[in-house]
Amino acid sequence: MNRKLLIFDFDGTLADTLPVFLQVFDEAADKYGFKRFDPSRRQALRDLDARQLMAIHEVPLWKLPAIANFMRASMGRNTDGIRLFAGMDQALRALKAQGVQLTIVSSNSRSNVLTILGPETSALFSQFECGASLFGKLPKIRKVLAATGVAREHVMLIGDEIRDARVSAEAGIAFGAVAWGFNNVDVLLAEQPQRVFRQVADLIEAPAASTTV
């Protein structure tokens with residue numbers, strides 16, 4: 001196996017948080033004075049990175065920490081409506097059975113992640129680095145690498161956004177793009193991922209994969 005460690009993003013990768021995210025995004029927009037999400041532009045917005053999305057919605061950068069905290073807390077009150085993507089639990093169990101080390105790096109809060117995963121699925125992961133700022137995943141990834149001691153060539157970050165692809169490159173690790181998350185898969189392909197997962201069942205092949213399909 002050439003992937004001994006998988007670092008998973010959470011929102012849009014493991015869990016279908018988008019409907020609740022859009023709800024709390026609009027709540028934050030009303031509270032902090034930026035534009036609500038425009039449902040009519042949903043598909044077009046999926047081609048943009050996080051900075052472009054913030055610019056379009058006129059999100060005040062200096063308020064980002066407060067906005068992020070508000071949205072995490074609001075999402076925490078709505079976790080009953082969030083589920084893992086179909087087949088995800090089985091895929092994670094299969095990876096664990098193959099001897100792959102599973103970790104999570106997320107902008108969401110640790111409590112939200114653990115609640116949505118549930119105790120049995122949470123136990124499959126050896127490390128949780130949560131509460132990252134919008135562009136603050138790199139220090140979290142470095143903490144995972146330091147704690148696990150796994151060489152970078154044996155690590156893959158699996159995510160659904162352009163920022164996941166770019167932080168993987170910064171960290172010097174492979175990126176695996178999922179086709180069911182926020183950003184359109186064609187946009188993620190432009191970031192040259194080492195692997196593309198078209199469906200959840202494809203994740204089971206992640207440790208042995210090294211080329212884009």
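Points to keep in mind about this one:
- Odd one out for GLU170, checked against (1) at pLDDT 95 or above; (2) surrounded by 13 or more Cβ atoms within 10 Å (Cβ to Cβ): (2)
- Subset of segment 1-22 [farther than 30 Å from GLY172 by Cα and either open to solvent by 70 Å² or more (accessible area, probe 1.4 Å) or touching a helix residue (DSSP H, G or I) at 6+ places or on another chain (Cβ under 7 Å) (or both)]: PRO19, VAL20
- Verdict on LEU64 being under 20 Å from the mean Cα position of the chain (by Cα), open to solvent by less than 60 Å² (accessible area, probe 1.4 Å) and assigned by the TED database to the domain that holds SER111: no
- Residues (closer than 16 Å to LEU188 by Cβ and assigned to a helix (DSSP H, G or I)) located in segment 145-169: ILE162, ARG163, ASP164, ALA165, ARG166, VAL167, SER168, ALA169
- Every condition in (1) open to solvent by less than 10 Å² (accessible area, probe 1.4 Å); (2) more than 30 Å from ILE173 (Cα to Cα) is met by PHE70 except one, and the failing one is (1).
- Inter-residue pairs, beta-carbon under 7 Å, first in contact (Cβ under 8 Å) with a residue 40 or more places away in the chain and in segment 181-207, second open to solvent by 60 Å² or more (accessible area, probe 1.4 Å) and outside any strand (DSSP E or B), 6+ apart: ASN184/ASP47; VAL187/ASP47; VAL200/ALA86; PRO207/MET1; PRO207/GLN98
- Of the criteria (1) touching a residue at least 24 places away in the same chain (Cβ under 8 Å); (2) outside any helix (DSSP H, G or I), which one ILE116 fails: (2)
- Qualifying residue in segment 153-164 (condition: closer than 21 Å to PHE85 by Cβ and touching a Lys or Arg at 6+ places or on another chain (Cβ under 7 Å)): yes
Matching residues to (1) hydrophobic (A, V, I, L, M, F, W, C); (2) farther than 19 Å from SER106 by Cβ; (3) open to solvent by 30 Å² or more (accessible area, probe 1.4 Å):
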| residue | (1), (2), (3) |
| --- | --- |
| VAL24 | yes, no, no |
| ALA29 | yes, yes, no |
| PRO39 | no, yes, yes |
| ILE56 | yes, yes, yes |
| ARG77 | no, no, yes |
| ILE82 | yes, no, no |
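- Residues of segment 170-196 satisfying the condition of being of a type in the set (A, V, I, L, M, F, W, C), within 20 Å of SER106 (Cβ to Cβ) and assigned to a helix (DSSP H, G or I): ALA171, LEU188
- Restricting attention to segment 1-36, the residues that are assigned to a helix (DSSP H, G or I) and not aromatic (Phe, Trp, Tyr) add up to 12.
- Among (1) open to solvent by less than 20 Å² (accessible area, probe 1.4 Å); (2) hydrophobic (A, V, I, L, M, F, W, C); (3) within 25 Å of LEU145 (Cα to Cα), the one test that LEU114 misses: (1)
- Candidate set from segment 112-123 (those that are touching a helix residue (DSSP H, G or I) at 6+ places or on another chain (Cβ under 6 Å) and of a type outside the set (Val, Ile, Thr)); member that is farthest from LYS137 (Cα to Cα): SER122
- Listed by first and then second residue, the pairs linking a residue in segment 131-148 that is without any contact (Cβ under 8 Å) to a residue 60 or more places away in the chain to a residue that is surrounded by fewer than 18 Cβ atoms within 10 Å (Cβ to Cβ) and of a type in the set (Asp, Glu), with Cβ atoms under 7 Å apart and 6 or more places separating them unless they lie on different chains, are LEU138/GLU170.
The values are calculated or read from the model by the stated rules, or taken from the named source; none is laboratory data. These numbers come from a predicted model, not from an experiment. Every residue, glycine as well, gets a Cβ built from its backbone with ideal geometry; the counts of neighbours run over all protein chains shown. Keep in mind that these areas ignore ligands, DNA and RNA; they rest on the heavy atoms of the full protein, side chains included. Shrake-Rupley method; radii C 1.70, N 1.55, O 1.52, S 1.80 Å.
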